[in-house]
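Trainee: Once you've had a glance at the structure underneath, I'll fire off some questions.
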Protein chains: 2
Amino acid sequence: MKLDKNLNILIVGLGLIGGSYAMGLHKKGYKVSAIDVNENSVKYAIDNKIIDYGSTEIDEKMVSSADLIIFALYPHIFLDWIKNNQHLFKSGAVITDVTGVKSCIVYEIQSVLRKDLEFISAHPMAGKEVYGVENADDSIFNDANYIVVPTDANTFNAIEMCKAIGETLGFARISSLPPKAHDEMIGFVSQLTHCIAICLMTCSKSEHLVDYTGDSFRDLTRIARINENMWSELFMLNKDALLSQMETFISEFNGFYEMLKNEDIEKIKEKMIQSTARRALFDK
Amino acid sequence: MKLDKNLNILIVGLGLIGGSYAMGLHKKGYKVSAIDVNENSVKYAIDNKIIDYGSTEIDEKMVSSADLIIFALYPHIFLDWIKNNQHLFKSGAVITDVTGVKSCIVYEIQSVLRKDLEFISAHPMAGKEVYGVENADDSIFNDANYIVVPTDANTFNAIEMCKAIGETLGFARISSLPPKAHDEMIGFVSQLTHCIAICLMTCSKSEHLVDYTGDSFRDLTRIARINENMWSELFMLNKDALLSQMETFISEFNGFYEMLKNEDIEKIKEKMIQSTARRALFDK
């Protein structure tokens, strides 16, 4: 399925991801409006032809003419925004998001939403260590994963439309996962790795190590530069899944510690052989 | 100080690092011989003009004419090699190495070595995920650290000569650390990170995650592809320092787990702010 070229698209939240969505969709010829409370962000996006129209307020005409609304806000703001303004939405509009955690938000939004609207959740697994529409860059999607996260409440057409957004933006891989499986996966591949990177940077005074670090330490700590407001909220919203993944990792790490302490070289080698074989799959 | 152009250099062990040393020194015009038990490695190095002369045996003439001998062998073989063959060394010869751990080996070698020879240890912090002289590549040194690891037994001249090897090979940064400080640093920036990467790959069946992994997981597990024979030996030889670093990390990680469990958002944000500030120093 392709996105209808006549769609009116509204993006709420012009940060890095909202701005990059706007840039990618606008380049492909779609009419893109945007709402953001920050006047500089809206002005920047208009001046740089990232959007057609923009507003710092909830412009009734803009909202009520949108066929597709994409939320790129912090999760807690996002839910309130919908509760307060959904009376303005056009009947039949499709609503999607870019939020990094799902179970805590998808069901609640679907339950409060007017019955003539549909919310279909999506997670673009792309980002940068910098923020704001000034750093918007739709090329960040080219090598990235886009995950549609449907529930039983979603229709075939909305799911296909949501996939079409990912295709239009040029994501490398588009897949589909239910909310729970999505959150477990994210707890492991994204949130656990960020916890590890943070702890590596904070566990030891490391300033004097800059002169000695090779690629290993740099690789494992790149993501220790982190937006504390966004990530602490995402951690809290996915708390149970993340704690469970942390427990799994701690248990494995403690086991490795014991092998080393007991000089159980054969078991250590086994683990290394297993990790080498599994990691090799990622480099195919 | 520059290395004397007339030096006879002997490299013992033609793996990735020994081969890359030979390649770099030979390109700069030095006479380089090499000994390796593997006939294919010696033949490859001669055919590809990485060395001038090579032997699979302990060629007495080759050994006794060397002014500088560089060992690029596994630590346990390296010590025996010196014990068994040092009667052949030229009086006044300087001996160095490329071993990744130091306390366990430097003092022992210095204590068994003939008094008319000098052993000055060095650690080139460079590598690849592939092995053997066939993958030798002296460009791996260009962005890397070279650490001279002297003891009280070393002379100024030998330390300067050892630094000159690093300069000749084109290392980006050359520094000096005593054995204990070197091993603590390596336990943290290199060995601890490898333990973490291994455990991330082995703690959970991850084959199905290949489709969903973003850059974070890939970055943190790149070094999980690991030579189990070399690394298990290096871990054992630096066991105390590594266990201590693992304890520090476990304690920090458990603390972060508790903050999350208790929803102590302010403390979590503090850690993120600290990790961001510390990591920023690495990107200057």
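The values are calculated or read from the model by the stated rules, or taken from the named source; none is laboratory data. Being a predicted model, the structure only gives us computed values, none of them experimental. We place every Cβ from the backbone using ideal geometry, glycine too, and count neighbours over all the protein chains shown. In case anyone asks, the SASA skips ligands and DNA or RNA and just uses the protein heavy atoms, side chains included. Shrake-Rupley method; radii C 1.70, N 1.55, O 1.52, S 1.80 Å.
Trainee: What is the average number of partner chain Cβ atoms found within 10 Å of a Cβ in A:184-190?
Mentor: 5
Trainee: Okay, next question. If you roll a 1.4 Å probe over the heavy atoms of the protein chains, what accessible area per residue do you get for the protein assembly as shown, in Å²?
Mentor: With the other protein chains kept in place, the protein assembly as shown gives 41 Å² per residue.
Trainee: Please list, by residue number, everything in the stretch A:105-123 whose backbone N is under 15 Å from a paramagnetic label point 7 Å out along Cα→Cβ of residue A:83.
Mentor: Taking a point 7 Å out along Cα→Cβ of residue A:83, the residues of the stretch A:105-123 whose backbone N falls under 15 Å are A:105-114.
Trainee: So what is the relative contact order for the stretch A:128-284, in percent, with contacts set as C-alpha pairs under 8 Å and at least six apart?
Mentor: Averaging sequence separation for qualifying contacts and normalising by length gives 20 percent for the stretch A:128-284.
Trainee: Counting Lys +1, Arg +1, Asp -1, Glu -1, what net charge surrounds residue B:267 among other residues with beta carbon under 14 Å of its beta carbon?
Mentor: For residues surrounding residue B:267, the net value is -4.
Trainee: If you don't mind, there's one more thing I want to ask. Given a 10 angstrom Cα cut-off, can you work out which residue in A:125, A:201, A:62 is the most mobile in a GNM of chain A?
Mentor: Highest fluctuation among the options: A:201.
Trainee: Based solely on its DSSP helices, what 222 nm [θ] is calculated for chain B when runs of n ≥ 4 H residues each add -39,500 (n - 2.57) and the sum is averaged over all residues, nearest 500 deg cm²/dmol?
Mentor: Calculated from helices alone, the mean residue ellipticity at 222 nm is -14500 deg cm²/dmol.
Trainee: On to the next question. Suppose a student asked you for the relative contact order of the stretch B:1-98, using Cα pairs under 8 Å spaced at least 6 residues apart; what percent would you report?
Mentor: 30 percent
Trainee: If you line up the long axis of helix B:265-280 against the longest principal axis of chain B, both from Cα atoms, how many degrees apart are they, to the nearest 10?
Mentor: 30 degrees
Trainee: Contact order normalised by length for chain A, with contacts defined as Cα pairs under 8 Å and 6 or more residues apart; what percent is it?
Mentor: Worked out over chain A, it gives 16 percent.
Trainee: Mind checking which of A:49, A:163, A:271 has the largest fluctuation in a GNM of chain A, springs on alpha carbons under 10 Å?
Mentor: Residue with maximal mean-square fluctuation among A:49, A:163, A:271: A:271.
Trainee: Can you list, shortest first and in nm, the gaps between the label point of residue A:137 and those of its counterparts in the other copies, using a point 7 Å from Cα in the C-beta direction?
Mentor: Copy-to-copy label distances for residue A:137: 2.4 nm.
Trainee: Which residues among the stretch A:216-246 fall inside the zone where the amide N is under 11 Å from a point 7 Å beyond the Cα of residue B:277, along Cα→Cβ?
Mentor: Output list for this probe position: empty.
Trainee: Taking a label point 7 Å from Cα toward Cβ, how far is residue A:80 from its twins in the other copies, in nm, shortest first?
Mentor: 7.1
Trainee: While we're on this one: Across the stretch A:1-157, how many lysine pairs separated by 8 or more positions, or lying on different chains, have Cα atoms within less than 13 Å?
Mentor: For the stretch A:1-157, qualifying lysine pairs total 9.
Trainee: If one takes the longest principal axis of the Cα atoms in chain A, at what angle in degrees, from 0 to 90 and to the nearest 10, does the Cα axis of helix A:156-168 lie?
Mentor: Long axis of A:156-168 versus the principal axis of chain A: about 70 degrees.
Trainee: Hey, if you put +1 on the Cβ of every Lys and Arg and -1 on every Asp and Glu Cβ in chain B, which of B:37, B:120, B:106 ends up farthest toward the positive end of that dipole?
Mentor: Final value for the positive-end residue is B:120.
Trainee: On a 0 to 90° scale, report how tilted helix B:103-112 is relative to the longest principal axis of chain B, with both axes built from alpha carbons and the result rounded to the nearest 10.
Mentor: 20 degrees
Trainee: Then there's this: May I ask you to list the trypsin sites (Lys or Arg not before Pro) in the stretch B:94-159 that are in a DSSP loop and have at most 10 other Cβ atoms within 10 Å of their Cβ?
Mentor: Loop-located and lightly packed - B:115.
Trainee: Note down the net charge around residue B:122, summing +1 for each Lys or Arg and -1 for each Asp or Glu among other residues with Cβ under 15 Å from its Cβ.
Mentor: -2
Trainee: Which one, B:175, B:216, B:111, has the greatest fluctuation when you compute a Gaussian network model over chain B with C-alpha springs under 10 angstrom?
Mentor: Most flexible of the set in this elastic network: B:216.
Trainee: Would you mind computing, in nm to one decimal, how far apart the modelled labels at residue A:230 and residue B:2 are, each placed 7 Å from Cα along Cα→Cβ?
Mentor: Label at residue A:230, label at residue B:2, 5.2 nm between them.
Trainee: Another one. Using a 10 Å cut-off on Cβ to Cβ distances, tally the other chain neighbours for every residue of A:106-119 and report the average as a whole number.
Mentor: For peptide A:106-119, the averaged partner shielding equals 0.
Trainee: Run through the other copies and list how far each one's label point is from that of residue B:175, in nm with one decimal, shortest first; the point sits 7 Å from Cα along Cα-Cβ.
Mentor: For residue B:175, the inter-copy label distances come out at 4.0 nm.
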